[in-house]
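Colleague: Dumping the structure here so I can ask a few things about it.
The values are calculated or read from the model by the stated rules, or taken from the named source; none is laboratory data. For clarity, every value in this text was computed on a predicted model and none was experimentally measured. Methodologically, a virtual Cβ is constructed for each residue, glycine included, from the backbone with ideal geometry; neighbour enumeration extends over all protein chains shown. The area values use the complete protein model at the heavy-atom level, side chains included, leaving out ligands, DNA and RNA. Shrake-Rupley method; radii C 1.70, N 1.55, O 1.52, S 1.80 Å.
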Amino acid sequence: MRRWIYAVVALVFAGCTDNTSKKQFEVSGTITNSTAKKMYLEEVPAGGMQGMIVDSAIIGKKGEYELKADAKEALIYNLRLDQNMYPVAAVINDVPKMTLNIGLSRENSQFAEKYDVKGSPASQQMKDFMYAFNNDLQKIYYLSRQAGSLQQNNTSDSIIIPLITEQQQLAEKLRNYSITSFKKAYNPALIMFELGYYQTTSNNEEFGLEPLDNEQVSSIVNDAATKFPAHQGVAAIKKTLDDQMQKAIAAKKVGKPAPDFSLPDVNGNEVKLNSFKGKYVLVDFWASWCKPCRMENPNVVKAYNKFRDKNFTVLGVSLDKPGEKNNWMKAIYDDNLTWTQLSDLKYWESSIVPLYKIEGIPYNVLIDPQGIVIAEDLKGRALEDKLEEVLK
């Protein structure tokens, strides 16, 4: 995962404002199963995760409420109750008036069991996206917990692997669904909301979702900026991403000598990167706690087995946590990582992080026999394709 993406996600997820157009925006409806006295309307500005209250209303005896604000182009609004920590619903101001009826959960009044939107196509599409997304996400979560529990009990791989495979298939389905939704969305706030929703969720390793890479995020934002050139919020996000991309390009390692380092192996012996000179080496940065890393490991194993007789090897460098050597060792064994493995067990405080400017894992660099980086961040089929290119 590239961590700079998630710094931008706070901006992306928050929504977008445009001060060039102000019109009255109204949302009204009813709320049931609630003891709250007041309903608040929060405008969520670009660049912030906290909503700003723009209106409030006393909830009537029958649960009715009415909220108003000066609308700005393509903006997300949260509806929050006085008793609740989290918003109970969110809408987009694509129409002057809309109806929103909310029913709180009887088991947990902090959350809406259901809410119905009428008159706002963008708000309906946002709701549909969240419901479909969360439905598959819940399935992925249960499969992950089930597989994890079976692994702890040393259950046979023949039982665990189908669960992991199903989880991966659902994760890929959810990724494709999200990308399709971005392309179909006709409202800039909706596009940015959905993009942020996916990227933020993919940052949770429990789900095993593959985050969109820097280029994909930039492409989506650039498309939105082209479609909505007057939208100041999207323009601000685009500028932030462009600046980050320029910094990333400047930090690229391809064509430069790989910085040498020395780290202990599983037996505590110091091993230097330079000791592998004369071979093509894939330096693979990973960790036992990193679910995307563990999901990528089979691809690395496949590449290693296919090319290890062609002057190629892998050098694993783990960012495992202090005091968790057993987890590191178990992951090496479970994932069949038979090449040299190194770690100082210092997590993100490892000296290797600033040396290679590691923004997230899984991450790797491919080094030629002269010690020059010839590729980086190779995943899945891209790794095998690159090795086939250079190891002819």
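Colleague: Per 0.36 nm of contour for each residue apart, how much would the distance between ASP128 and LYS306 grow if the chain were fully extended, relative to their Cα-Cα spacing?
Modeller: That works out to 59.6 nm of additional length.
Colleague: Count charges around MET329 for me, please; just the other residues with Cβ under 12 Å from its Cβ, Lys/Arg as +1, Asp/Glu as -1.
Modeller: Around MET329, the charge tally is -3.
Colleague: Once both labels are modelled 7 Å past Cα along the beta-carbon direction, what's the GLN169-LYS277 spacing in nm?
Modeller: In this crude label model, GLN169 to LYS277 measures out at 5.0 nm.
Colleague: Okay, moving on. In Å³ and rounded to a whole number, note down the convex hull volume per residue for the Cα atoms of the chain.
Modeller: On the way: hull volume 60.1 nm³, N = 392.
Roughly 153 Å³ of hull volume per residue.
Colleague: R0 = 22 Å: FRET efficiency of GLU270 with ASP368, Cβ-based, nearest 0.05? Don't skip to the answer; put the middle values down first.
Modeller: Working: r = 24 Å, r/R0 = 1.08.
Efficiency computed from Cβ-Cβ geometry: 0.40.
Colleague: Based on DSSP H runs of at least 4 residues, each adding -39500 (n - 2.57), what is the mean residue ellipticity at 222 nm of the chain after dividing by all its residues, to the nearest 500 deg cm²/dmol? Can you show the working numbers first?
Modeller: Details: 10 runs with 161 residues, N = 392.
Rounded to the nearest 500, it is -13500 deg cm²/dmol.
Colleague: For labels at GLN146 and LEU355 in the simple 7 Å Cα→Cβ model, what's the distance in nm?
Modeller: So the label points at GLN146 and LEU355 sit 4.3 nm apart.
Colleague: Is the shape of segment 114-155 best called rounded, prolate or oblate, per the rule: a/c under 1.5 gives rounded, else a/b larger than b/c gives prolate, else oblate, with a ≥ b ≥ c the square roots of the Cα gyration tensor eigenvalues?
Modeller: Because a/c hits 1.5 or more and a/b exceeds b/c, segment 114-155 counts as prolate.
Colleague: Restrict the search to segment 136-214; then list the chymotrypsin sites (Phe, Trp or Tyr not before Pro) that DSSP places in a loop and that have at most 13 other Cβ atoms within 10 Å of their Cβ. It would help to have the intermediate numbers written out before the result.
Modeller: Working: sites: TYR141, TYR142, TYR177, PHE182, TYR186, PHE193, TYR197, TYR198, PHE207; in loops: TYR186, PHE207.
Answer in residue order: TYR186.
Colleague: Let me ask something else. Can you tell me, using C-alpha contacts under 8 Å and at least 6 residues apart, the relative contact order of the chain as a whole percent?
Modeller: Averaging sequence separation for qualifying contacts and normalising by length gives 14 percent for the chain.
Colleague: Can you pull out the chymotrypsin sites (Phe, Trp or Tyr not before Pro) in segment 102-140 that DSSP calls coil and that have at most 15 other Cβ atoms within 10 Å?
Modeller: Passing both the DSSP loop test and the Cβ count: PHE111.
Colleague: Normalised by the number of residues in segment 309-379, what is the relative contact order in percent for Cα pairs under 8 Å and 6+ residues apart?
Modeller: Answer for segment 309-379 is 26 percent.
Colleague: While we're here: Can you list the lysines whose alpha carbon sits under 17 Å from that of LYS72, skipping same-chain ones fewer than 8 residues off?
Modeller: LYS22, LYS23, LYS97
Colleague: At a Cα cut-off below 12 Å, give the aspartates and glutamates reachable from LYS325, other chains included and same-chain residues fewer than 8 away excluded.
Modeller: Excluding near neighbours in sequence, the set is ASP265, ASP344.
Colleague: Using a 1.4 Å probe over the heavy atoms of the protein chains, calculate the carbon and sulfur portion of the accessible area of segment 157-279 as a whole percent.
Modeller: It is 54 percent, rounded to a whole number.
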